Amino acid sequence: MATNVKEFLESYALYETFDPHTLAWWKSDWPEAVNVPCRSCGDTRSHRLWPTKVAGFTLDSGVYMIHGTCEQCGNNGVMFWVEYNQREGWMRKAGQLPAAGGAARRVLEPAVSQ
Ligand SMILES: [Zn+2]
């Protein structure tokens with residue numbers, strides 16, 4: 001059970017609701033970095049986050065696209081799409097690259113170019 005947004009980003013599966021009922025404190029403050037698998041390094045690395053709001057359904061709900069850059073190798077292949085509702089106090093992942101839980105499996109896919 002995640003206790004903060006960083007743990008939510010690192011460990012939750014797609015569509016699994018992070019529901020702390022305390023998102024009133026959350027003012028779109030994303031963590032500076034999360035530890036997730038880097039498809040270049042092939043290991044869990046600290047990734048610097050670059051959040052962008054891509055859709056706003058109402059004033060306090062919407063979708064963020066969050067770009068992650070590996071602090072080890074600079075690869076920028078990590079992405080999260082997060083749907084949130086601040087009034088109701090929940091958020092969930094609508095998408096993630098590389099897929100959550102696939103860390104051990106190195107798949108052949110084109111590298112994301114800069
Ligand atoms: Zn890396």
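Within region 50-71, identify whether any single residue is part of a loop (DSSP other than H, G, I, E, B), surrounded by fewer than 18 Cβ atoms within 10 Å (Cβ to Cβ) and at pLDDT 95 or above, and answer yes or no. Within region 50-71, one or more residues are part of a loop (DSSP other than H, G, I, E, B), surrounded by fewer than 18 Cβ atoms within 10 Å (Cβ to Cβ) and at pLDDT 95 or above. The set of residues from region 72-96 being under 20 Å from Ala33 (Cβ atoms) and part of a loop (DSSP other than H, G, I, E, B) comprises Gln72, Cys73, Gly74, Asn75, Asn76, Gly77.
Here Val34 fits the description: within 16 Å of the ligand (Cβ to nearest atom), surrounded by 16 or more Cβ atoms within 10 Å (Cβ to Cβ) and under 10 Å from the mean Cα position of the chain (by Cα).
Please verify whether Cys41 is touching a residue at least 12 places away in the same chain (Cβ under 8 Å), more than 17 Å from Gln96 (Cα to Cα) and either of a type outside the set (D, E, K, R) or within 16 Å of the ligand (Cβ to nearest atom) (or both), treating the condition exactly as stated. Yes; evaluated as a whole, the condition is true for this residue. Taking the conditions exactly as written (out of contact with any helix residue (DSSP H, G or I) (no Cβ under 6 Å at 6 or more places or on another chain) and more than 14 Å from Lys6 (Cβ to Cβ)), does Asp29 satisfy them or not? Judged against the criteria, Asp29 is not a match.
No other residue among Ser46, Ser40 is surrounded by 12 or more Cβ atoms within 10 Å (Cβ to Cβ) and part of a strand (DSSP E or B) apart from Ser46.
For first residues located in region 1-12 and without any contact (Cβ under 8 Å) to a residue 24 or more places away in the chain, partners that are of a type in the set (A, V, I, L, M, F, W, C) and in a helix (DSSP H, G or I) and lie 6+ apart or on another chain with Cβ distances below 8 Å form the pairs Ala2/Phe8.
The values are calculated or read from the model by the stated rules, or taken from the named source; none is laboratory data. As the structure is a prediction and not an experimental result, all values here were calculated from the model. Here the Cβ is made from the backbone with ideal geometry for all residues, glycine too, and neighbour counts use every protein chain on show.
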